[in-house]
Amino acid sequence: MNGVTTAKRVLIIDDEADICLLLSGLLRRLGYQPTCAHFIEEGRQCLSSQQFDAIFLDLNLPDGLGFDLLSAIKEMQADAKIIMISAFDGQAERRRATDQGANYFIGKPFTRRSVEMALQTIQD
């Protein structure tokens, strides 16, 4: 199977609608197929219904912390790459994210360049 026929599927779990719109638009332009979820529970449902190549996961969500979903993502979709996104961009958050299985961390507000760098970094 070559990568030309199917766009990589990306799940965005972020409660801010404008972040989802911005990230979705950017990902589409880069050739990805984005899906948005605004709550941990909604993200969990998306994860159980389809496979994703990458997941953008916000740290603070209305129904919990993105950290709470990391282990579930690892169990449900072991091959998916996880990119944490957060306005809380400190060493402690970054360390915890990587310790718990995230592949990359982007602080908010992010730029097109930081998103592209994250995607390049997680490519196999």
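The values are calculated or read from the model by the stated rules, or taken from the named source; none is laboratory data. Quick caveat: nothing in here was measured; it's all calculated off a predicted structure. Here the Cβ positions follow ideal geometry from the backbone for every residue, glycine too, while neighbour counts run over all protein chains shown. These area figures cover heavy atoms from the full protein model, side chains too; ligands, DNA and RNA do not enter into them. Shrake-Rupley method; radii C 1.70, N 1.55, O 1.52, S 1.80 Å.
Observations on the structure shown:
- Remark: pairs (first residue in the range 43-56, free of Cβ contacts under 8 Å to residues at least 12 places away in the same chain and under 12 Å from ALA78 (Cβ atoms); second residue among the small types (Gly, Ala, Ser) and open to solvent by less than 80 Å² (accessible area, probe 1.4 Å); Cβ separation under 8 Å; 6+ apart in sequence or on different chains) are absent.
- Lone unmet requirement of (1) open to solvent by 50 Å² or more (accessible area, probe 1.4 Å); (2) within 14 Å of VAL10 (Cβ to Cβ); (3) in contact (Cβ under 8 Å) with a residue 40 or more places away in the chain for LEU26: (1)
- If you go through the range 101-121 and keep only what is assigned to a strand (DSSP E or B) and either in contact with a Cys (Cβ under 8 Å, 6 or more places away or on another chain) or open to solvent by 10 Å² or more (accessible area, probe 1.4 Å) (or both), you end up with TYR104, PHE105, GLY107.
- As for the range 68-78, it holds at least one residue that is touching a Leu at 6+ places or on another chain (Cβ under 7 Å), surrounded by 21 or more Cβ atoms within 10 Å (Cβ to Cβ) and in a helix (DSSP H, G or I).
- Scan of the range 4-44 for residues that are under 14 Å from ALA80 (Cα atoms) and among the acidic types (Asp, Glu), ordered by number: none
- So ARG113, is it free of Cβ contacts under 8 Å to residues at least 12 places away in the same chain and under 20 Å from LEU23 (Cα atoms): yes
- Looking across the range 47-66, just one residue is in a helix (DSSP H, G or I) and crowded, with 20+ Cβ neighbours inside 10 Å, and that is LEU47.
- Residues in the range 4-23 that are surrounded by 20 or more Cβ atoms within 10 Å (Cβ to Cβ) and free of Cβ contacts under 8 Å to residues at least 40 places away in the same chain: CYS20 only.
- Unmet requirement for PHE39, which otherwise passes all of (1) open to solvent by 20 Å² or more (accessible area, probe 1.4 Å); (2) within 24 Å of ARG112 (Cβ to Cβ); (3) in contact with a strand residue (DSSP E or B) (Cβ under 7 Å, 6 or more places away or on another chain): (2)
- Hits in the range 79-100 - residues which are assigned to a helix (DSSP H, G or I) and among the acidic types (Asp, Glu): GLU93, ASP99
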